[in-house]
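Read the structure below first, then the notes.
The values are calculated or read from the model by the stated rules, or taken from the named source; none is laboratory data. Note that the coordinates shown come from a computational prediction; the quantities given were computed from them, not determined experimentally. Note that we place each Cβ from the backbone using ideal geometry, even for glycine, and neighbour counts take in every protein chain shown.
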Amino acid sequence: MEFPDTRPRRLRQNASIRALVQENWLTPNDLLAPVFVMEGKGLKEEISSMPNYFRFSLDLAVKEVKELYSMGIKGVMLFVKVADELKDNAGTEAINPLGLMQTAITEIKNACPEMLIFSDVAMDPYSSLGHDGIVQDGKILNDDTCEILGEMAITHAEAGADFIAPSDMMDGRIGFIREVLDEEGYEDTGILAYSAKYASCFYGPFRDALDSAPVDVKNVPTDKKTYQMNPGNSRVALQEMELDISEGADIIMVKPALSYLDIISIAKQNFNTPIAAYQVSGEYSMIHAAAQKGWLDYDSTVLETTLSIKRAGADMIATYFAKDIIRMIG
Ligand code: PBG
């Protein structure tokens, strides 16, 4: 055998051959765009820790969603910023059929029926204590929280959501939500389950966006580690995904994405259910920060990180870069 027998560089010689042998590509069909909605009219507020990302009043959110659809985005993840005076420890506003989320779902669906709406189901934006569940004696109550999540899901389905997206990590909530949706006749409303959601520092900017961080008062946990998963573990991710699939999840999600590519990969190897990955707020903000400093090139960093999430096995990626990515690949 002559040296070198095999020359992998032959397939990297020029852009044409590189394109022909490229296994993974980003397309608009891979992307879900998060949309933050707030009260008011004609308002567009930049989120301080997320450069060039905005909270919109509903009238402008509707315009934004139409624009996203015209760019090729097929799904939006809806989140709402709730006024402080409406927050409590019981999810009262979360289950208000005329609340901002429910109104937003209906108006966006009416204005852009083809856009799929994935509505966030969790108590934290509505919680005076900043937790995804009811807090009692320093603990997050699991089963009582599931009752609220079930009611929330019904109001979202009623408003016209295509997929309910529970992001709370309570045990058993997927099965519970599936059951109540079916009971109410919403068997066609899907569930995208945040199945492998880690207790991550990368959610910081999102909590700024919605003012939803856990509050620092006595007898309230200052973090979400009793329900979100430990970053040191991977087998529990398999367990959580298995549970959610068996309870009726249509799509499972891994979150965050970049630090958890191994989890996306084992999800792909182990399950046939479509996999979503959430490139979260901190992943967005750190790339912006480095680019602002001139330390990283914005476009190539965005494309490389997002492509790596696809390569790891994600069928869809929720990302604040969605519009930018389409501009780059367009
Ligand atoms: C809350 C929720 C969070 C995110 C989505 N839903 C934050 C949290 O769990 O504290 C984070 C998304 C992001 O950081 O982009 N249920």
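For the residues TYR278, TYR260, TYR203, the requirement of being of a type in the set (Phe, Trp, Tyr) and over 18 Å from PRO166 (Cα atoms) singles out TYR260.
Please tell me if PHE176 is assigned to a helix (DSSP H, G or I) and within 12 Å of the ligand (Cβ to nearest atom). Against the criterion (assigned to a helix (DSSP H, G or I) and within 12 Å of the ligand (Cβ to nearest atom)), PHE176 does not qualify.
Of all the criteria given as (1) closer than 26 Å to CYS112 by Cα; (2) within 17 Å of the chain's Cα centre (by Cα); (3) surrounded by 22 or more Cβ atoms within 10 Å (Cβ to Cβ), the one not satisfied by GLY190 is (3).
Counting only strands (runs of 3 or more DSSP E) wholly contained in the stretch 31-124, the ones carrying 2 or more residues that are away from the ligand (no atom under 13 Å from the Cβ), without any contact (Cβ under 8 Å) to a residue 12 or more places away in the chain and not small (Gly, Ala, Ser) occupy 44-47. Every condition in (1) within 16 Å of the ligand (Cβ to nearest atom); (2) farther than 23 Å from LEU129 by Cα; (3) part of a helix (DSSP H, G or I) holds for LEU181 except the one numbered (1). Scanning the stretch 227-272 for residues being of a type in the set (S, T, N, Q) and closer than 17 Å to PHE118 by Cα gives a total of 0. Taking the criterion of being more than 7 Å from the ligand (Cβ to nearest atom) and surrounded by 19 or more Cβ atoms within 10 Å (Cβ to Cβ), the residues of the stretch 201-219 that qualify are ALA209, LEU210. On the basis of being within 16 Å of the ligand (Cβ to nearest atom) and surrounded by 22 or more Cβ atoms within 10 Å (Cβ to Cβ), does ASP171 make the cut? No: the conditions fail for ASP171. Of the residues making up the stretch 318-325, not a single one is surrounded by fewer than 23 Cβ atoms within 10 Å (Cβ to Cβ), part of a helix (DSSP H, G or I), within 15 Å of the ligand (Cβ to nearest atom) and not polar (S, T, N, Q).
You will find that of ALA153, ALA157, the residue that is among the aliphatic types (A, V, I, L, M), more than 16 Å from the ligand (Cβ to nearest atom), buried (at least 22 other Cβ atoms within 10 Å of the Cβ) and over 22 Å from ALA209 (Cβ atoms) is ALA157 and no other.
Just checking, does the stretch 287-306 include any residue being crowded, with 17+ Cβ neighbours inside 10 Å and under 15 Å from the mean Cα position of the chain (by Cα)? Yes - at least one qualifying residue is present in the stretch 287-306. The single condition among (1) within 16 Å of the ligand (Cβ to nearest atom); (2) touching a helix residue (DSSP H, G or I) at 6+ places or on another chain (Cβ under 6 Å) that LEU129 does not meet is (2).
Quick one: is ASP171 modelled with pLDDT under 95, out of contact with any Gly (no Cβ under 9 Å at 6 or more places or on another chain) and not in a strand (DSSP E or B)? Against the criterion (modelled with pLDDT under 95, out of contact with any Gly (no Cβ under 9 Å at 6 or more places or on another chain) and not in a strand (DSSP E or B)), ASP171 does not qualify.
The condition of being away from the ligand (no atom under 15 Å from the Cβ) and under 22 Å from LYS109 (Cβ atoms) does not hold for GLY138. Within the option set GLN239, GLN279, being more than 14 Å from TYR320 (Cα to Cα) and either surrounded by fewer than 19 Cβ atoms within 10 Å (Cβ to Cβ) or not hydroxyl-bearing (Ser, Thr, Tyr) (or both) holds for one residue only, GLN239. Scanning the stretch 284-293 turns up at least one residue that is within 14 Å of the ligand (Cβ to nearest atom) and hydroxyl-bearing (Ser, Thr, Tyr). If you filter the stretch 220-236 down to residues that are within 16 Å of the ligand (Cβ to nearest atom) and more than 19 Å from SER128 (Cβ to Cβ), you find that the one that is surrounded by the most Cβ atoms within 10 Å (Cβ to Cβ) is MET229.
Quick check: anything in the stretch 117-135 within 27 Å of LYS66 (Cα to Cα) and in contact with a Pro (Cβ under 6 Å, 6 or more places away or on another chain)? Scanning the stretch 117-135 turns up at least one residue that is within 27 Å of LYS66 (Cα to Cα) and in contact with a Pro (Cβ under 6 Å, 6 or more places away or on another chain).
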